[in-house]
Protein chains: 2
Amino acid sequence: MPDPKHMESAVHEYVAAFSAGSADRVAALFAENATVEDPVGSPIHEGLAAIHAFYSASMATGAKLTLEGPVRVVTDYAVFAFAVHLEWEGGAKRIDVIDSFRFDEAGKVAEMRAFWGPDNMHGFT
Amino acid sequence: MPDPKHMESAVHEYVAAFSAGSADRVAALFAENATVEDPVGSPIHEGLAAIHAFYSASMATGAKLTLEGPVRVVTDYAVFAFAVHLEWEGGAKRIDVIDSFRFDEAGKVAEMRAFWGPDNMHGFT
């Protein structure tokens, strides 16, 4: 099982790297054949090339992440609540999200699922 | 797909019913053959009788739940962060948890998973 402190650190690096706009740093947290489902129910991005491209596009909005409360860590999971803040079409928008990271034995994220839906989007109308 | 507002309401009822110490009200939210895994990695409680017994035992501690931030709702999932507060062996304890509820077509919780580990337990030493 991956080390709990390592998993918690990976979440903090994810939030910092995303807010810094570095798709390279974010992708470095994932396993070669990892999957990203963001939001849950949408098509899954599989493999590092697809994941890097997905994050590059997401970061093009200039979005920043704010962690909310402690990272929950159990077995090979780290789960955490956060808000996405972005400026879009002249107004401040916020999306409330909970992400789940499942890690592999090497300490890389093997599966990421992002839980947010229309009711979690604010300022978009 | 179950209605998002129904799923969000079910979470609020869960928090209120748990804090009120009513295993009946909590069990009423679950499907007949539902599964509860709390925490993730522990043996799964399956079916309403097992689930009712599990919650009765959990509530015997007098634990109260405090929801933290908005419920994230997407497809058939409601995911939410909260804290468990309890008095035990003369001191105040807190456990930080994120629960995931997956609902069935009838709007009942079919699968519950609770994400919390040793690093999320405070005041227990």
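Counting only other chains, and only Cβ atoms inside 10 Å, what mean value do you get across the residues of A:75-83?
Numbers: counts 6, 2, 7, 2, 11, 3, 8, 2, 2.
For peptide A:75-83, the averaged partner shielding equals 5.
Relative to the other identical copies, A:His85 shows label-point distances of 2.7 nm, where the label point lies 7 Å from Cα along the Cβ direction and values run shortest first. Taken along its principal axes, the alpha carbon cloud of chain B reaches lengths of 44, 30, 27 Å, longest axis first. May I ask for the angle, rounded to the nearest 10°, between helix B:4-19 and the longest principal axis of chain B, with both axes built from Cα atoms and the value confined to 0 to 90°? Approximately 30 degrees, to the nearest ten. Under the criterion of Cα pairs below 8 Å and six or more residues apart, the relative contact order for the stretch B:4-122 equals 26 percent. A protection proxy built from the mean count of other Cβ atoms within 10 Å ranks the segments B:51-57, A:57-63, most packed first, as B:51-57, A:57-63.
Taking chain B as the reference, fit the longest principal axis to its C-alpha atoms, fit the long axis of helix B:48-59 to the helix C-alpha atoms, and give the angle between the two in degrees, 0 to 90, nearest 10. So the helix axis and the longest Cα principal axis differ by about 30 degrees.
Dipole orientation for chain A: of the candidates A:Phe103, A:Pro43, A:Pro70, A:Pro70 has the Cα lying most toward the positive pole (charges on Cβ; Lys, Arg +1; Asp, Glu -1).
Extending 7 Å from Cα along the Cβ direction at A:Asp104 and again at B:Arg94 yields two label points whose distance is 3.7 nm.
Between chains B and A, what is the buried accessible area in Å², counting both sides, with a 1.4 Å probe and ligands, DNA and RNA left out, to the nearest 100? Can you show the working numbers first?
Values: alone 6540 and 6550 Å², together 11090 Å².
Summing both sides, the interface buries roughly 2000 Å².
Entry comment: accessible area of the stretch A:69-125 is 41 Å² per residue, from protein heavy atoms only and a probe of 1.4 Å.
Peptide B:65-72 has a mean of 5 when you count, residue by residue, the C-beta atoms of other protein chains within 10 Å of its C-beta.
Over the protein assembly as shown, the Kirkwood radius and the radius of gyration, each from Cα atoms, give a ratio Rg/Rh of 0.97. Of all chain B residues, the closest to the B-onto-A rotation axis by Cβ, with that distance in whole Å, is B:Ala81, 2. For the stretch B:4-122, the residue among B:Ser19, B:His52, B:Leu29 whose Cα projects farthest onto the positive side of the dipole built from Cβ charges is B:Ser19.
Per residue of B:100-108, other chain Cβ atoms within 10 Å of the residue Cβ number 1 on average.
Taking the label point 7 Å along Cα→Cβ, A:Asp24 and its counterparts in the other copies are spaced 6.3 nm apart, in ascending order.
Per-residue ellipticity at 222 nm, computed for chain B from helices alone with -39500 (n - 2.57) per DSSP H run of at least four residues, works out to -8000 deg cm²/dmol.
The values are calculated or read from the model by the stated rules, or taken from the named source; none is laboratory data. What you are looking at is a predicted structure, and each value in this text was computed from that prediction instead of being measured. When we count neighbours, we look across all protein chains shown, and the Cβ atoms used for this are built from the backbone with ideal geometry, even at glycine. Note: accessible area is taken over every heavy atom of the protein model, side chains too, but ligands, DNA and RNA are not part of it. Shrake-Rupley method; radii C 1.70, N 1.55, O 1.52, S 1.80 Å.
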